[in-house]
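Take a look at the structure set out below.
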Amino acid sequence: MNAQEFARQWKETPLVRFSLTSLTAQGLSEAVREALGQYGLPASAEPWLQFMEIRRTDERTAAALDELQFYPIGYLPNGDLICIDKNTDRIMICDHEEPDYTWPLNSSLEALYESVTLYADFIGEVNRKNPRFASDFKIPDGMLARLEADLKACDPAAFGQKGFWFTEIQVLDDNAV
């Protein structure tokens, strides 16, 4: 899903647009600069993804991100950073204690846009079918398998590396009562 299509469809939370000046100075690809500068990312998206222009990190983390050629675009509640790999445009997660320990979120911004849309649709459908989902974690039959198949189809490379979305499916499956 491209950035323009995502911006038209996304209704969950406001979109955060990044500074074109900052994006250019970071050496990001033209496609990434356009997507983040003109269309942005959701301020927040399930499951627990927060996106924003991160202006400062501690010196150790900043040095590690520079060395890895990563540009931070958000974070998880535990403090792990969501970053774009400047060399490949992949979306990676960097451990907040060991920034050089990384794992994939998505292979591209396009795959990230599609993944958060798929997940938002999944949560909305689960809540419609089971209004008590937040307390009982019961996912109606077949829905988790369909989400897994959709996420795999959306980004087979990142899912195959047992990255973020793979782990999220495992957590949902393990927590389901």
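In the list LEU28, LEU49, which residue meets the criterion of being more than 30 Å from ALA134 (Cα to Cα) and in contact (Cβ under 8 Å) with a residue 40 or more places away in the chain?
LEU28
Looking across the range 146-177, the residues that are over 20 Å from GLU110 (Cβ atoms), assigned to a helix (DSSP H, G or I) and modelled with pLDDT under 95 come down to THR167, ILE169, GLN170, VAL171, LEU172, ASP173, ASP174, ASN175. Looking only at residues in the range 94-106 that are buried (at least 23 other Cβ atoms within 10 Å of the Cβ) and within 19 Å of TRP48 (Cα to Cα), the one that is modelled with the lowest pLDDT is CYS94. Restricting the range 31-46 to residues that are in contact with a helix residue (DSSP H, G or I) (Cβ under 9 Å, 6 or more places away or on another chain), closer than 27 Å to ALA134 by Cβ and not charged (D, E, K, R) leaves a set whose member that is surrounded by the fewest Cβ atoms within 10 Å (Cβ to Cβ) is ALA45. In the set (1) farther than 10 Å from PHE70 by Cα; (2) aliphatic (A, V, I, L, M); (3) crowded, with 19+ Cβ neighbours inside 10 Å, the condition left unmet by ILE82 is number (1). Looking across the range 119-158 at every residue that is acidic (Asp, Glu) and either under 28 Å from TRP103 (Cα atoms) or surrounded by 14 or more Cβ atoms within 10 Å (Cβ to Cβ) (or both), the one that is farthest from the chain's Cα centre (by Cα) is identified as GLU125.
The single residue among ARG17, ARG8 that is outside the structural domain of TRP165 (by TED's automatic domain parsing), more than 26 Å from PHE166 (Cα to Cα), loosely packed, with under 14 Cβ neighbours inside 10 Å and basic (Lys, Arg) turns out to be ARG8.
The values are calculated or read from the model by the stated rules, or taken from the named source; none is laboratory data. Since the model is a prediction, treat every value here as computed from it, not as a measurement. Don't worry about glycine lacking a Cβ; one is built from the backbone with ideal geometry, like all the others, and counts go over all protein chains shown.
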